1. Scan (1) within 26 Å of Thr37 (Cβ to Cβ); (2) in contact (Cβ under 8 Å) with a residue 40 or more places away in the chain; (3) assigned to a helix (DSSP H, G or I); (4) not β-branched (Val, Ile, Thr) for the single condition Ser116 breaks and write down its number.
2. Mind listing whichever residues of the stretch 174-192 are among the aliphatic types (A, V, I, L, M) and not in a helix (DSSP H, G or I)?
3. Among all residue pairs at least 6 apart or on different chains, which show Cβ distances below 9 Å where the first residue, located in the stretch 63-84, is polar (S, T, N, Q) and the second is not in a helix (DSSP H, G or I)?
4. Of the numbered conditions (1) surrounded by 14 or more Cβ atoms within 10 Å (Cβ to Cβ); (2) over 30 Å from Lys213 (Cβ atoms); (3) charged (D, E, K, R), Glu117 fails exactly one; give the number of that condition.
5. Among the numbered criteria (1) loosely packed, with under 14 Cβ neighbours inside 10 Å; (2) more than 21 Å from Leu166 (Cα to Cα); (3) polar (S, T, N, Q), which one does Ser47 miss?
6. Among the residues in the stretch 51-67, are any among the charged types (D, E, K, R), surrounded by 13 or more Cβ atoms within 10 Å (Cβ to Cβ) and in a loop (DSSP other than H, G, I, E, B)?
Amino acid sequence: MNIGIKDVLKQIRLFFILYLILLLCCLVIKLLFTKETIYFTVNSHYSNWADAIAPYLTDLGDGWTTISLALILVLFNYRKALLLGSAYAVTSLSAQIIKHIVKAPRPALFFSNRLSEIHFVKGMYIDKFNSFPSGHTVTAFSTAVVITYLLKNKSWSVLLFITAILVGYSRMYLSEHFFEDVTAGSALGVFLTIFWITWLDNKPFLHKAAWNKGLLQKG
């Protein structure tokens, strides 16, 4: 196999175009508004129904969700399971390394003298440290890229794209992260995953018959 970045981008073309538009919009927002303005604008728009669904949306970016999907794929296709599982491992490890290098405070610590002005969702544990980048957002966008790459029907990439955005927004809504954390997390998840897929899916062993079946397939 000779798979290049152009080949990977071709497989995720619609998702990638939508993402570049999103990223451009995020950069414009960052240029026009301060960190504080963006945070409190997001935090000021809340409702009971949003409080109820935000924790479930954020769980879609949890590592266990992606691991569970990879384990399901093991039943049907080892190659696909490896691509998804390894992409999660590489991107999440990279995010954790950056987190512990940057050591950025999360909103609850950054605005510790203004907590009375912040809306918090009841029952949610709020972290205070290692805010940059958002790990859940990294995982959501990385997973969306891999699944888009693997799917035959690329129209599903729109739903995957929207889901990843909702995960990122939920991290801000829950006051777990800043806009900058989520934007950086999405970029790390998308671009690192593209490079990872390009490198890994070039390995000849992944395209042998034995790797393109799963535990449920005999012979």
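1. (2)
2. Correct list: Leu174 only.
3. The qualifying pairs are Asn77/Lys213; Asn77/Gly214; Asn77/Gln217.
4. (1)
5. The one condition Ser47 does not meet is (2).
6. Start the filter on the stretch 51-67 by keeping residues that are among the charged types (D, E, K, R), which leaves 51, 59, 62.
Cutting the leftovers down to surrounded by 13 or more Cβ atoms within 10 Å (Cβ to Cβ) gives us 51, 59, 62.
So of that shortlist, the ones also in a loop (DSSP other than H, G, I, E, B) come out as 62.
Yes, the stretch 51-67 has at least one match.
Yes or no, residue by residue, for (1) surrounded by 14 or more Cβ atoms within 10 Å (Cβ to Cβ); (2) in contact with a Pro (Cβ under 7 Å, 6 or more places away or on another chain); (3) of a type outside the set (Gly, Ala, Ser):
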site: His177; (1), (2), (3): yes, no, yes
site: Leu188; (1), (2), (3): yes, yes, yes
site: Leu192; (1), (2), (3): yes, no, yes
site: Pro204; (1), (2), (3): no, no, yes
site: Lys208; (1), (2), (3): no, no, yes
site: Lys213; (1), (2), (3): yes, no, yes
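Yes or no, residue by residue, for (1) in a helix (DSSP H, G or I); (2) touching a Phe, Trp or Tyr at 6+ places or on another chain (Cβ under 7 Å):
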position: Asn2; (1), (2): no, no
position: Lys10; (1), (2): yes, no
position: Phe15; (1), (2): yes, yes
position: Ile21; (1), (2): yes, no
position: Leu24; (1), (2): yes, no
position: Leu27; (1), (2): yes, no
position: Ile38; (1), (2): yes, yes
position: His45; (1), (2): no, no
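The values are calculated or read from the model by the stated rules, or taken from the named source; none is laboratory data. Predicted model only: the values in this text are computed from it and were never measured. Backbone-built Cβ (ideal geometry, glycine too); neighbour counts: all protein chains shown.
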